[in-house]
Amino acid sequence: LGGSHEKFYSDSEYWRDWMGDIQLGEDMRFSYERELTAYRKLRDLQGVRIPRMFGTVQYDISHSLERIHPMVDTVNGLVIEYVGGVTMEDLQVGVNISKEDAYAGSQYMLQTIRELHLREVLHNDIRCVNVMYRQEDRTRPVLIDFGIAKAIANDTTSAAQELSTASN
């Protein structure tokens, strides 16, 4: 096709496309900041109850010398431990996990969630697909995906309100 994109898009289409990119960039930045905050507050749980965070990276995706917008020129990311295994959703009691291991894993995950709350972090996306069982240990699952986690206030009144709101 070659040539200028101006032949194919109107000004309003360019605007919508550009604003969509900006919104995506803002969403990614917001998710990155929430996840980074959660991992920092949960440092002592890393590598055991949640994946270990090794650090952060920034990738420049701009392919020209002219910068478009800071939101879309770079992508921030976290370097996180790969947790090999299966999700809770993929397990069937009595088929690929024993009843005893399923019970122990469930209790362990409930305690993990309590530990997050004690450290003033709400995960906000507790689902079976975000609970990973390592191949070598089916009794101590790992909670993953902190992209929409939220740090809660230090005072107990605000924390209780946050927990109450999150459970509704």
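Read-outs throughout are calculated quantities, based only on the coordinates presented, and are distinct from any laboratory measurement. Everything numeric in this text was worked out from a predicted model, so none of it was measured. Every residue, glycine as well, gets a Cβ built from its backbone with ideal geometry; the counts of neighbours run over all protein chains shown.
Just a few scattered comments:
- Residues of region 97-136 that turn out to be more than 22 Å from residue 38 (Cα to Cα), part of a loop (DSSP other than H, G, I, E, B) and touching a helix residue (DSSP H, G or I) at 6+ places or on another chain (Cβ under 8 Å), as a count: 0
- Within region 137-151, the residues that satisfy the criterion of being without any contact (Cβ under 8 Å) to a residue 40 or more places away in the chain and either assigned to a helix (DSSP H, G or I) or over 13 Å from residue 50 (Cα atoms) (or both) are 137, 139.
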